[in-house]
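The values are calculated or read from the model by the stated rules, or taken from the named source; none is laboratory data. Source: prediction; values computed, not measured. In this analysis, Cβ positions are derived from the backbone assuming ideal geometry, glycine residues included, and neighbour counts consider all displayed protein chains. Each accessible area value is taken on the protein alone, full model and side chains, heavy atoms only, with ligands, DNA and RNA left out. Shrake-Rupley method; radii C 1.70, N 1.55, O 1.52, S 1.80 Å.
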Amino acid sequence: MFFSLPGLSVNPFSGNSFVKVKSKTILIVEDNPDERQLLEALFSNINLDVYLQFAANGEEAVNYLSGLKPYQEPLSIPALILTDMRMPFRDGISLLAWIRLQPELKGIPVIVMSSTGDIAERVRAEKLGVSYYFVKPVDLNKLMFLVKATLVYLQEDK
């Protein structure tokens, strides 16, 4: 295992063939504006050279990843996706399932943040190849460690 933290349910690097990092975009899918703002502030304070792209729900994320309106300009495939689990229009499980069916996206690491910690939900996410599963409130230090470690791993794996 690359590293270990208490409470993580999945080794992000086993059994997944991650895409090579060609962009430094992180897609954050979160319906709560306060949590989006918190994540944006957190990323701005850790000095990662990344571009944050936000989507308010799973359907917006699919539109972004598909290059649909209003995201029609050439887009870079994100290096990492952070998603909430419970959102309107398309939830995190449905988004994760859709990502894993897309040949050009299926290797992107996905970190899920759930407000419930429901065991059945967690098992479904693991079966779909989630990289990490956090129960909210998320320990922000662990989250940032995982983001940094994943990006470093992907950079070194080129």
Check: Rounded, prolate or oblate: which fits the range 43-158, taking a ≥ b ≥ c as square roots of the Cα gyration tensor eigenvalues, rounded meaning a/c under 1.5, else prolate when a/b beats b/c?
Finding: rounded
Notebook entry, point to check: Under a 5 Å amide H to amide H cut-off, with H placed in plane at 1.01 Å, what residues pair with T25 once short-range neighbours are removed?
Noted result: Y51, A79
Check: So which GluC sites (Glu not before Pro) in the range 91-134 pass both tests, a DSSP loop state and at most 16 other Cβ atoms within 10 Å of the Cβ?
Finding: E104
Note to self: Report the gain in length on full extension from S94 to Y71: 0.36 nm times residue separation, minus Cα-Cα distance, nm rounded to one decimal.
What the structure shows: 6.2 nm
Next item on the list: In whole Hz, with x marking every Gly and Pro, tabulate ³J(HN,Hα) for the range 142-147 from phi via Karplus 6.51 cos²θ - 1.76 cosθ + 1.60, θ = phi - 60°.
Entry: 5, 4, 5, 4, 5, 4
Checklist line | Fully extended contour minus Cα-Cα distance, from K106 to K136, at 0.36 nm per residue | finding: 8.3 nm
Item checked: Calculated from backbone phi, Karplus (6.51, -1.76, 1.60) coupling profile of the range 115-128 in Hz, x at Gly/Pro -> 8, 10, x, 4, 4, 4, 5, 5, 5, 4, 4, 5, 5, 8
Item checked: Solvent-accessible surface (1.4 angstrom probe) belonging to F54, in square angstrom, nearest 10 -> 50
